[in-house]
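Here the structure is laid out as structure tokens; the discussion comes afterwards.
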Amino acid sequence: MKQAVFGAALALLSFAATAAFAGKQDFELVNKTGYDISHVYVSPTKSNDWEEDVLGKDILEDGDSWDIEFERGEKTCKWDLKVVYADDDSSAYWRNIDLCSVRKITIKYNRKSDTTSATFN
């Protein structure tokens, strides 16, 4: 019984420590486009540069999600998001997203209208 209580307490402390170091702009990106995504860029709206690809060498496959995390000290709430498709290097982007209030972004592609859309939760 003592081990179970200690384990639960340790898990709670671990969660609290993770939350304490997490940025308020952290969000989950969900790919429901039907295509793999090769690059994801997140930059402050006030920036003129897309900065680095947050996926690095990885690919965000269709149906998967990716946790995008910020440093705790980051103050900016307004961000731009750009995704690049792996199959043809086409891209879609959204500007001025308030990541201080968004926890999940789901992107979808509509073949009939040839448009990529996003929902922000």
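Computed from the coordinates by the stated procedures, all read-outs in this text should not be read as laboratory data. Remember, predicted model here, so these are calculated numbers, not experimental data. All Cβ positions, glycine included, derive from the backbone under ideal geometry; neighbour counts span all protein chains shown.
Taking the Cα-to-Cβ direction at ASP53 and at ASP67 and moving 7 Å from each Cα, how far apart do the two end points lie in nm?
Taking the simple label geometry, ASP53 and ASP67 are separated by 2.3 nm.
Of LYS32/LYS57; LYS32/LYS104; LYS57/LYS112; LYS46/LYS112; LYS57/LYS78, which pairs sit farther than 24 Å apart, going by alpha carbon to alpha carbon? Intermediate values should be presented prior to the final figure.
Working: LYS32/LYS57 20 Å; LYS32/LYS104 13 Å; LYS57/LYS112 31 Å; LYS46/LYS112 33 Å; LYS57/LYS78 26 Å.
Listed pairs above 24 Å: LYS57/LYS112; LYS46/LYS112; LYS57/LYS78.
From the square roots a ≥ b ≥ c of the eigenvalues of the alpha-carbon gyration tensor of segment 22-121, which class results: rounded (a/c under 1.5), prolate (a/b over b/c), or oblate?
Values: a/c = 1.65, a/b = 1.59, b/c = 1.04.
It is prolate, given that a/c is not under 1.5 and a/b is the larger ratio.
Residue by residue, what Karplus-based ³J(HN,Hα) values in Hz, rounded to whole numbers, does segment 40-55 have, using 6.51, -1.76 and 1.60 with θ = phi - 60° and x for Gly and Pro?
9, 10, 10, 9, x, 4, 6, 8, 9, 10, 6, 6, 8, 5, 6, 7
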